[in-house]
Every structure is written in structure tokens, then in C-alpha cells.
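Here the structure is laid out as C-alpha cells; the discussion comes afterwards.
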Amino acid sequence: MKTLKICCLFFIAVLVCGAIKADDGHQLWLRNKKAQPVTVLCVKKSATLDIAKKELLLGWQGKAGTTVTLSLLKDKNISASGYRISENTVQATTDIGILYGVYELLRRQQTGEAVTNEISNPSYSERILNHWDNPDGSIERGYAGNSIFWRKDNPFTVTDADKALWQEYARANASVGINGAVLNNVNASPLILTADYLARTKAIAEVLRPYGVKVFLAVKFSSPALVGKLPTSDPLDPAVIAWWKEKVKEIYTLIPDFGGFLVKASSEGQPGPQDFGRTHADGANMLADALKPYKGIVMWRAFVYSPNDKDRAKQAYNEFVPLDGQFRDNVIIQVKNGPIDFQPREPFSPLFGAMKKTAVMPEFQITQEYLGHSIHLVFLAPMWEECLQSDTYQFGAGSTVARCTDGSARPQQYSAIAGVANIGLDTNWCGHDFAQSNWYAFGRMAWNNKIKSEQLADEWIKLTFSDDDHAAEWNSNFLSPVKTMMLNSREAAVNYMTPLGLHHIMSANGHYGPGPWWAPARMRADWTPPYYHKADSAGIGFNRSKTGSNAVEQYNAPLAAQFNDPNTCPDNLLLWFHHLPWNFKMKSGRTLWDELCYKYDSGVQQVRGFQKIWDKAGMYIDTARFKAVQRKLRLEAMNAQLWKDACLLYFQQFSKMPIPYELERPMYNLDDIIKNDMRRKDYEQSL
Ligand code: GCV
């Protein structure tokens, strides 16, 4: 009887779930449906064109029996990786342009988007993933397993499995237009420039090449001393210059299409030109000169700050603006979206609106260092869209960050954009199934920096989850609610973590849970939350107005004045720019304290809402992915509650005001939260 019952239950489950196949997420957004027959005509032969043909045969969803022509031509309107597509043709000036056109055609077919006769060119010439992968296989701020490139055991054996994985990676990148990968951490090990690691880099480059993905390396500025055993790494020293030239020659002999170097210098303890009394320009130009004959570039990071600065947010601007115009044209200054460090919300970095004669590129963080790691569901496209569409007013109104970086506001030799990857050895690549959407969105936005988050969510959901067996109700019961959830997910995270412009109030080095109290005596102040929130009995927030650090002055008019006045400063940046009394009257009519409570509470409510959406939509996807996301949403809901309780109970010690009685009461005690914060404790003990 019992067996019969189990059999019946199983049968019912199969009926309810229809034909939804188990899915481990490894196929990302490239889950090929059964293809229609198609004939592909292409006169030229190359490894890249072979891939293009194969993809069409594998994934054709257009009319059965269509003949598709792939043709190479000369056309001034189509850039080096651009293409023109129609329903049955793909034209481009290069092989890689053809491949990108093919992926676009297939994407349109799979998502049901119309194909008209149109040209598409990328916004940026270099669309690059930055992997913070270490030679031992670990990944700094990686939450999806170890590196797909490097490993501890047998580090220099290249297996067929390695190559197969790198090929899948390259294919995923090409399918969204990503054409570069920095293979190692910006906190670079000098080992990366030694012969064995360069040989492995060459092996990776060979697999990535047909997909149009160039490899780059992050280099340690002191490599001449550490690897070359020179007495100095001074960028103006002739022996150092000669060492880099030789090293670059060695690399290009192995990898003729090597992309260039990414450098984190004079930052967070990394060596740099300042160690030798030289400037960032001296350091970057020396490397740029070595790379120039091979058309290589230098991406020089502007992520610099020191413990002595009164306002960390101002330092990059202060160091780099005086050097504007001094950099070679194959140097691009890589700037994080905000002036501090990939926080859930920051204003755009003022450097985007300040460098007039130097190419500047945005650096986004795809890995969720400050946004709940691979536990929280946070679709990051709205955050990047917010940054790219911010007006810097550099060349008058309409000088968006997008236009100041893509070469459309003024001519640039190279234009580039980087995203810190969230990819590891986990079967689903990114830890969280929805974190794949951030890899996807980064690539698509790097291709088209005007694209809307809404479209990206729509595309990604269709490509990743579509279910032909329930096509009739799928759009309203799955696509629409899940899209809403994704589009609101970033604002929800801001609300339950750092609303109203708060920032950097997370616990210790893990950057995961709340920790506004965290300030061990031996820790440098600018690594502790109180430096940023400055809560006291008088109020809360960092005064960056004219009466404070005057960071507002780094923004062009009319932004400087707008940010300077708490009554015109946008609510969502208020405590970034101002220290305000707890009873400050907000635009909503509430006091600042009440508004803070409402924001934290609304973040929690939003995540509870996501749980409802997901549970209801769950029947339209496979059980494995449904359950994995459900479990993570539960954790996110608990974490959101923890963030709310920790921050409100901690700040309440200063505001001395009640949490509005109509809001849900805290569920945790502050003392317990502080006591139980093991990550913080472990870290503190290791100091
Ligand atoms: C790679 C933050 C992160 C570091 C990271 C650094 C950077 O400080 O916490 O892990 O180092 O940014 O971007 O260089």
C-alpha cells in the first residue's frame, strides 16, 4: 500500500512538473532548444567562422529550411566587431563580427524579438572581465568555487577537461560580446610573469582566441625586482625599462594577440611608482611604451586611498586629475563606478566627469562582494545603468558616464569597460543561478551601454528558464513576476543594507553581514564603519558638503550645488554627502530616523515578497534550480532581517527615538548579533 502511494505521488509529481528537465545551470543562457533545419553559406573558412556555422546549425529557431548567408564585406558603418543582420544574412567586416551577429540572430529567435535589417556596433572596443584569481586557484572575493584557470595541484598540466571548460567559458563570453579577460588577481602575484605561468596563459589564449576573447594579465609593479632580481623597480630606471620590454617581447612571442596589462599600483599595500618618488603617469607610460609596438594597452587602476586622507572618497580625483593629459594614448584609467568601493549605492566617481584628455573606463563588480555574495539574489544591471546614465556635465548637459567613457564625447584611441567576474568552478559557474544574469548583463551592457535593465532581465529569463510546455501561461505566471523581482532586487538590497546614502557599514573583512559598530583599536579608521556613518547623538552621515570634506566640489555644476544642499541632494545619497540631525525633516515629511526605519523595513518586506513570487512561479522550472533559489531566498530574508535589526538597534543608541510602532519589531538583540558575528570575530583574532 505504501509503495503504491509513493508511486502515485511520483506520477502526480511528473504530471504537474510536465516535461521540465532537470537542469544544473551549467548551460547558462545557452540552453539550445531543438534546432530547425538550416543551410549555412559562407565562402571563407576560419576557426571563428566554423563556430558561427556550428552555432546556427545547433540553435536555429527560424523558419525550417532557411538558407543563411554569412558574408564578409567592407562597410564604413560597421566597426571591427560590429555586424549587420537580417532574417537570413549576417554581414561583418571581420570573422568575429560574423560570430557576434550569429549570436544576436539566435538570441532574437529564442526570445521572440523581431529581426529587422540593422547594424549593431559595440559601445566599447574592449569589453573585459577581470578575474581576481590567484595562481593557487583561490579567488579573492570569489563565491562560486575555485578558479577555472589556475590550480594548486599539478598547476601546469593542461588537461582536456581544462580546455573543454575554457571553451565553454569563451563561448558564453562571445555570446554576449565580451572580448577580453584579465586572467589573474589585481593583487597580482609576481609568479604570473614566470615561464610556467606564461605557458599556461598561452594555452588558455589558444582556446579563447577563436571566440574573439583576448587574454590580459594583471602585473605586480615590483616584478622587475621580484622576478627579474633587479635592485629596483623604478619606472625611470633604464634596466627596469629594458626588463619590461624583454618581458613584453617574451609574452608576445607566446601570445601574438595578447591584450596588455592591468595594474593596481600604490594602492592597498601594492607597490607602485610612488615607492620610487614617481607618478602614476611615469609608471603607466613606461609599461605603455613597452606594449605599444604590439598594440597592447595598459589599464591603470584609480583605486587609490591612504589612511591619512580625511575623506577616502576624494583621493582618486586628487591624485589623477593633476596628471590629466600626461598619459600615453594606450593607457586607460580604470575607475570603479563609485568613489569608495563597489557599495550597494554610491554616486558615480567624479573622475568620470573630470579627466578631459585621458581615456577613462568604468570598472563594475559582478561578483557580489558587498551585496550578499552568492547567497543574495541581486540583479546588478539597474546599478550599472544608474552609473552609466548619470550625467557628469563634463561637456555640458548630457555628458553621461557612458558618453565620457565610450569615446562619443571626445575621440579616444581605445575605449573599454571592465567587470570583476563572479565565475568559478561551481557547476552553475556563479554560485547562485540568478548571479548568471549579472555576467550576462555585463556583457550586453558593455556592447550597448544604453540598453535598459528591463530588456536585459527579459532576455535573460527567457533564455535561461523558458518552458515551451507551459508557453501559454508562462509569460504572465513566470516571466513577468520574476522580472519584477529581479528589477527590484538591487533597491531591496540597498534598503535592507545601506539606505539613504549610508555606505561601508558591513562587518569586518568578509563584507557580508552588518557591522556598523565594528572598529577594533588596531584597525585603520578608513577600514571601519564608524568612519563612514559617523553616527552620534547629533545625527548620522558623512559631511562631504562645503562645511565638511567638500567632496561635492569634485562634481561639475550644477551637481556640486545640488549635492551640497540637503534639501536638493537626492534622498538616496543624502547621508553620503551630509551629516544630519535625527529629526531632520525628509521630503516625505518623516524625520530622518523614521525614514531610515521605513527604508530598512521596506527592504525586508521586499525580500519576503520575492519569496512569494518565487514559490508561486516555481512550478514552471526544474526542481533543482527552483529549490536552490528558494533556499537562498530564505537565507536572504533572514539576512535582511539581521541587517535591519543590527543597524536600527545600533543607530537607535544614538537617535534615542522609537522605531515607528506601525513597523515590524526587531527579531534579534543587538548584543546577540554582535556576539554571534563569527566572521568578525575570526578576523579580529587574526589581526
Ligand atoms: C582585489 C576592495 C576589496 C579587495 C580588492 C580591492 C580592489 O578593497 O575588498 O579584495 O582587491 O577592493 O579592488 O583592488
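Read the figures in this text as sums done on the coordinates, not as results from a lab. This is a predicted model, so every value here is computed, not measured. So basically every Cβ, Gly included, is an ideal-geometry build from the backbone, and we count neighbours across all protein chains shown.
Figures for the structure shown
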item: Mean shadow area of the chain over all directions, Cα convex hull, nm²; result: 33.2
item: Pair-distance profile P(r), taking every C-alpha pair of segment 512-580, with 10 angstrom steps and integer %; result: 21, 44, 27, 8, 0
item: Within the chain: Cβ-based charge dipole about Cα centre, in debye rounded to nearest 20 (Lys, Arg +1; Asp, Glu -1); result: 620
item: Positive-end extreme of charge dipole, the chain - chosen from Thr116, Phe352, Pro231 (charges on Cβ); result: Thr116
item: Estimated inter-spin distance, Phe156 and Lys546, nm [label 7 Å along Cα→Cβ]; result: 6.3
item: Cβ-defined net charge surrounding Pro666, 13 Å radius [Lys, Arg +1; Asp, Glu -1]; result: -3
item: Backbone N under 12 Å from the Ser588 label point (7 Å along Cα→Cβ), restricted to segment 640-670; result: 660, 663
item: Beta bridges by DSSP in the chain, antiparallel share as percent, to the nearest 5; result: 25
item: Charge tally in the Cβ shell below 10 Å around Glu369, where Lys, Arg are +1 and Asp, Glu are -1, Glu369 excluded; result: -1
item: Extension gain, Lys44 back to Lys163 (0.36 nm per residue minus Cα-Cα distance, nm); result: 40.2 nm
item: Cross-link reach list, lysines versus Lys599, counting only Cα pairs under 23 Å and skipping chain neighbours closer than eight places; result: Lys483, Lys534, Lys585, Lys587, Lys612, Lys632, Lys644, Lys656
item: Chymotrypsin sites (Phe, Trp or Tyr not before Pro) within segment 502-598, DSSP loop, no more than 13 other Cβ atoms inside 10 Å; result: none
item: Cut-off 11 Å (backbone N to label point 7 Å along Cα→Cβ of Gln36), residues of segment 42-65; result: 60-65
item: 3J(HN,Hα) from dihedral phi, segment 284-296, Karplus parametrisation 6.51/-1.76/1.60, rounded to Hz, x for glycine, proline; result: 5, 5, 4, 5, 4, 5, 5, 7, 3, x, 9, 6, x
item: Positive-end extreme of charge dipole, the chain - chosen from Val494, Ala302, Tyr414 (charges on Cβ); result: Tyr414
item: Distance violations [Cα-Cα > 25 Å] among Lys163/Lys214; Lys53/Lys214; Lys264/Lys675; Lys202/Lys247; result: Lys264/Lys675
item: Efficiency of FRET between Asn88 and Glu206 - r from beta-carbon atoms, R0 30 angstrom, step 0.05; result: 0.35
